[in-house]
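The values are calculated or read from the model by the stated rules, or taken from the named source; none is laboratory data. Every value quoted in this text rests on a predicted model; they were computed, and no experiment measured them. Here the Cβ positions follow ideal geometry from the backbone for every residue, glycine too, while neighbour counts run over all protein chains shown. Heads up: the accessible areas ignore ligands, DNA and RNA and are worked out on the full protein's heavy atoms, side chains in. Shrake-Rupley method; radii C 1.70, N 1.55, O 1.52, S 1.80 Å.
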Amino acid sequence: DMNLVDKVNTEIKEAMKSRDEVRLRTFRNVKASFLLLQSSGNEVADDDYLKAIQKMAKQLRDSADIFEKEGRADLVKKEREELAIIETLLPQQLGESEITAKVQEIIASSGASGMKDLGKVMPQAMKAMAGVADGKMISEIVKKLLA
């Protein structure tokens, strides 16, 4: 099992061979964020690399949404292409039904009932599904189930 750094380096070599500009640009951006982490002087764990990738994915998602509102289809396409590539590095994301099931478990085990318990359920849900589910979706589902 390759770690993320090796995987990204391998992807860069492959993208260069196949002259895939989008993949090359995307993985070079990922590598740049990794190098930034390494230059911090702290010990960098796999988890930190994963967080860096998640942060990039979130930024791409957010900017794609903004460009969409502005009607910039060309830029939306660019961001979404990079996002699709970056998502291949992330753990398989949970779907709505899986998130709902997990949130129901958390609500049941925490004895939460109603919106007043949002502050109790939300952090648990975010922690339980960190990296495998979209925070916005978790939030929507928690609110829906507590309402």
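In whole percent, how big is the carbon plus sulfur part of the accessible area of the chain, probe 1.4 Å, protein atoms only?
54 percent
How many nm is it between the label spots at residue 126 and residue 113, if each spot is 7 Å from the Cα in line with the beta carbon?
2.7 nm
If I model a spin label as a point 7 Å beyond the Cα along the Cα-Cβ vector, how far apart are those points for residue 35 and residue 65 in nm?
Distance between label points: 3.1 nm.
Accessible area per residue, 1.4 Å probe, Å², for region 1-141: what's the number?
62 Å²
Just subtract the alpha-carbon distance of residue 136 and residue 72 from 0.36 nm times their residue separation and send over the number in nm, one decimal.
Contour length minus the Cα-Cα distance gives 20.7 nm.
Using a ≥ b ≥ c from the Cα gyration tensor of region 60-147 (square roots of the eigenvalues), is it rounded, prolate or oblate, where a/c under 1.5 gives rounded and otherwise the larger of a/b and b/c decides, a/b for prolate?
Because a/c hits 1.5 or more and a/b exceeds b/c, region 60-147 counts as prolate.
Short version: ³J(HN,Hα) in whole Hz for each residue of region 50-59, in order, from phi by Karplus 6.51 cos²θ - 1.76 cosθ + 1.60 (θ = phi - 60°), x for Gly and Pro, what are they?
Result, ordered by residue: 4, 4, 4, 5, 4, 5, 4, 4, 5, 4 Hz.
How about region 1-77: which GluC sites (Glu not before Pro) there lie in a loop by DSSP and see at most 13 other Cβ atoms within 10 Å?
Sites meeting the loop and neighbour criteria: 43, 70.
Considering only DSSP states other than H, G, I, E and B, which trypsin sites (Lys or Arg not before Pro) in region 8-44 qualify as loop sites with at most 11 other Cβ atoms within 10 Å?
Filter output for region 8-44: 19.
Would you kindly compute the Cα radius of gyration of the chain and its largest Cα-Cα separation (Dmax), both in Å?
18.1, 56
Can you give the relative contact order of the chain as a percent, counting alpha carbon pairs under 8 Å and 6+ residues apart?
19 percent
So for region 1-59, considering every pair of alpha-carbon atoms, how many percent are separated by more than 17 Å?
That fraction is 38 percent.
Between helix 96-110 and the chain, what is the angle of the helix's C-alpha long axis to the longest principal axis, kept within 0 to 90° and rounded to the nearest 10?
The helix 96-110 is inclined about 50 degrees to the chain.
Cα-based Rg of region 23-96 per 2.2 N^0.38 Å, rounded to two decimals?
1.21
Quick one: net charge of residue 54's neighbours, Cβ under 12 Å, K/R +1, D/E -1?
So the surrounding residues net to 0.
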